[in-house]
Amino acid sequence: MLWKVGKDNKGAKTMTGNLELLIDNKTLHGECPIWDDKGKVLYWIDGVGQKIHRFNPLSGKDKYLETGQCVGCIALKEDGGLIAALYHGLYCVNFKKKEITFVVDPEEDLPQNRFNDGECDALGRLWVGTMSVDGTVKKSGSLYKIERGKAIKVISNITISNGIAWSEDNKTMYYIDSPTKEVAAFDFDITKGEISNKRIAVKIPEGEGIPDGMTIDENNHLWIAHWGGGRVSKWDPVNNRKLDELKIPAINVSSCTFGGENMNELYITTARIECSDDILKKYPHSGGLYRTKVSSKGKKACRYKK
């Protein structure tokens, strides 16, 4: 499928095309889509609804596992299954057997906090952040790396820890603390799992919501979901330049990831929480899972090594 490309009022391209509504189940807080290239399925979550979903694009069937806790994020495991950041820490998840096993909780002494977004790096560390339960307490969260079951704090004074991605050469890590409306870039030492030299890679323009989840393509372009902005934007982070954007029929666009046989299908999650009745009348499919084909290709998801 080819995009029809226009121009927005700021000079960036605007993508329009065959955006598919795959699942219209009015999810409260769809989030964290991740493509399993081995199982050929998409895992995603309803964070507030306390569910981990598995969508099979061939059959069109979507199954879910109830976790009993709010879900911040999930990641694939190298030995099969998932690792999930739930309200009360990190857990290994066997979706088929419906088993959830505790791993670690680095903030056991902070019940006012919960886990949010996360991602695995190329050596199998899970980088995952925390925030206050409702996101209103400034700088209450932190970013951790979970390495073989051990949690190490990397950054403190985070308000809403969100999207994480790495460049193709693993020399740069990109990270979002949503209220800043920025994507930070760090030099990344893949061997040591250390970051340094923070700078700003992307600044989201006023009136376009705040950056939430994100992914990266094979050309090192960032694809960023806009919470409160109703879109996914594509950026060149080296030059802080918006390349394209895709409008989504939901105000709260939470995350996106690449998947499919050729890794050129963009899966997009949305949410209904924080939407007024008027907004839901205008965007009745808020909370749905969307998909569209794009000209870019993503990378296979890295897997957690325990």
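The values are calculated or read from the model by the stated rules, or taken from the named source; none is laboratory data. Remember, predicted model here, so these are calculated numbers, not experimental data. Positions of Cβ are generated from backbone atoms using ideal geometry, with glycine treated the same way; all protein chains shown enter the neighbour counts.
Kindly establish whether residue 233 is under 23 Å from residue 136 (Cβ atoms), crowded, with 20+ Cβ neighbours inside 10 Å, under 17 Å from the mean Cα position of the chain (by Cα) and among the small types (Gly, Ala, Ser).
Spelling it out, it is not the case that residue 233 is under 23 Å from residue 136 (Cβ atoms), crowded, with 20+ Cβ neighbours inside 10 Å, under 17 Å from the mean Cα position of the chain (by Cα) and among the small types (Gly, Ala, Ser).
Please go through the stretch 93-108 and give me each residue that is acidic (Asp, Glu) and surrounded by 14 or more Cβ atoms within 10 Å (Cβ to Cβ), ordered by number.
Matches in the stretch 93-108: 105, 107.
Return the pair list, or none, for Cβ contacts closer than 6 Å from residues in the stretch 71-87 that are within 22 Å of residue 271 (Cα to Cα) to residues that are part of a loop (DSSP other than H, G, I, E, B), at least 6 apart or on different chains.
71/47; 86/67; 86/69; 87/69; 87/70
Can you tell me which residues in the stretch 109-143 are closer than 14 Å to residue 86 by Cα, of a type in the set (Ser, Thr, Tyr) and buried (at least 21 other Cβ atoms within 10 Å of the Cβ)?
130
Would you be able to tell me the number of residues in the stretch 60-92 that are out of contact with any Lys or Arg (no Cβ under 8 Å at 6 or more places or on another chain) and crowded, with 22+ Cβ neighbours inside 10 Å?
Residues that pass the stated criteria total 7.
Being free of Cβ contacts under 8 Å to residues at least 60 places away in the same chain and either at negative phi or more than 15 Å from the chain's Cα centre (by Cα) (or both) is the requirement here; does residue 108 meet it?
yes
Does residue 276 satisfy the criteria of being out of contact with any Ser or Thr (no Cβ under 9 Å at 6 or more places or on another chain), without any contact (Cβ under 8 Å) to a residue 40 or more places away in the chain and more than 23 Å from residue 62 (Cα to Cα)?
Judged against the criteria, residue 276 is a match.
Out of the strands (runs of 3 or more DSSP E) lying entirely within the stretch 1-112, which hold 1 or more residues that are modelled with pLDDT of 95 or more and hydrophobic (A, V, I, L, M, F, W, C)?
The qualifying strands (runs of 3 or more DSSP E) are 20-23, 30-36, 41-46, 51-56, 61-66, 71-76, 82-86, 89-94, 99-104.
Considering the stretch 46-67 alone, what residues qualify as being small (Gly, Ala, Ser) and under 16 Å from residue 27 (Cα atoms)?
Answer for the stretch 46-67, where residues must be small (Gly, Ala, Ser) and under 16 Å from residue 27 (Cα atoms): 47, 49.
Any residue in the stretch 41-69 that's over 19 Å from residue 86 (Cβ atoms): show its pairings with residues that are assigned to a strand (DSSP E or B) and of a type in the set (S, T, N, Q) at Cβ separation under 7 Å, as long as the two are six or more apart or on different chains.
From the stretch 41-69, the pairs are 41/56.
Given the conditions (1) touching a Leu at 6+ places or on another chain (Cβ under 9 Å); (2) free of Cβ contacts under 8 Å to residues at least 24 places away in the same chain, which single one is not true for residue 165?
The failed condition is (2).
What number of residues within the stretch 120-146 satisfy the criterion of being at pLDDT 95 or above and of a type in the set (Asp, Glu)?
Number satisfying all stated conditions: 1.
Could you please let me know if residue 250 is assigned to a loop (DSSP other than H, G, I, E, B) and surrounded by 20 or more Cβ atoms within 10 Å (Cβ to Cβ)?
yes
Residue 193: small (Gly, Ala, Ser), under 21 Å from residue 135 (Cβ atoms) and modelled with pLDDT of 95 or more, yes or no?
no
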